[in-house]
1. How much of the DSSP beta bridge set in the chain is antiparallel, as a percent to the nearest 5?
2. Please work out the Cα center distance from region 126-149 to region 2-52, rounded to the nearest Å.
3. Give the long-range amide H neighbours of residue 188: residues separated by 5 or more places, or on another chain, with amide H under 5 Å away, using H modelled in the peptide plane at 1.01 Å from N.
4. If the convex hull of the alpha-carbon atoms of region 116-218 is projected onto planes in all directions, what is the mean projected area in square nanometres?
5. What does the highest-first list of 111-117, 156-162 look like by mean Cβ count within 10 Å?
6. Per the Kirkwood treatment, what hydrodynamic radius in Å, one decimal, follows for region 34-143 from the mean inverse distance over all distinct Cα pairs?
7. Any idea how far apart residue 81 and residue 41 come out in nm if each label point goes 7 Å out from Cα toward Cβ?
Amino acid sequence: MATRGQVTIPVGAAGLPADIDGPDDATGVVLFAHGSGSSRHSPRNVAVARTLQRRGSATVLVDLLTPEEDEVDAVTAELRFDIGMLAERLAGIVDWLGAEPSLGRLPVGLFGASTGAAAALVAAAARPERVAAVVSRGGRPDLAGSALSSVRAPTLMLVGGLDEQVITLNEQAAAALTAPHELRIVPGATHLFEEPGTLEQVADAAGDWFTTHRAVPA
């Protein structure tokens with residue numbers, strides 16, 4: 001894979017730091033949208049990315065805020081909830097991937113955690129010809145609002161069995177989705193899937209979903 005390692009992805013006026021990795025013969029690329037207050041160094045997303053790499057996907061772990069914006073957000077916590085802006089940047093990264101010689105031919109999956117799941121779904125609705133599948137981990141897909149009915153990519157929502165409020169919010173979002181979707185509860189898991197074995201279940205389920213829904217929709 002020609003594009004690999006630490007890169008800066010230009011999206012509008014922003015330069016977004018990203019880590020790209022995966023096998024040379026990758027059959028898909030998964031773009032991660034981290035949750036509120038997290039970054040591309042999230043140990044949970046890094047662990048999921050490694051599982052997906054072993055299963056044949058390239059992965060893109062990216063900070064959706066610039067370092068300067070991150071400093072502001074650390075104080076105000078306002079940008080991390082700007083779903084529209086985050087989704088616009090995700091869509092811009094999808095466009096950038098499409099122009100990369102080694103990645104442009106690959107179908108794109110989006111993996112969103114917490115508020116990043118809402119941004120992923122809005123971006124999927126905006127790029128139906130490029131996004132093949134979406135996976136949400138402990139996500140807030142309800143924050144995607146009216147975009148939910150426009151999503152065409154098959155969507156898997158993974159929620160911890162002990163994360164009762166988020167289960168309810170995911171049920172509400174599932175009712176608004178018209179694309180193929182599944183809400184799957186991971187027994188004994190809390191919001192961050194810190195319990196032994198639960199994150200591994202998330203990674204395996206995500207890998208299965210992205211493999212099953214590999215073809216880019218027409």
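Readers should treat all values here as calculations from the given coordinates under stated rules, not as data from a laboratory. Here the structure is a predicted model, which is why all the values come from computation and not from measurement. Cβ atoms come from the backbone with ideal geometry, glycine included; neighbour counts cover every protein chain shown.
1. Among the beta bridges of the chain, antiparallel pairing accounts for roughly 30 percent.
2. 18
3. Amide H neighbours of residue 188: 161, 162.
4. 5.7
5. Put in order of decreasing packing, that is 111-117, 156-162.
6. Final number for the Kirkwood radius of region 34-143 is 14.2 Å.
7. Taking the two extended label points, one gets 2.6 nm.
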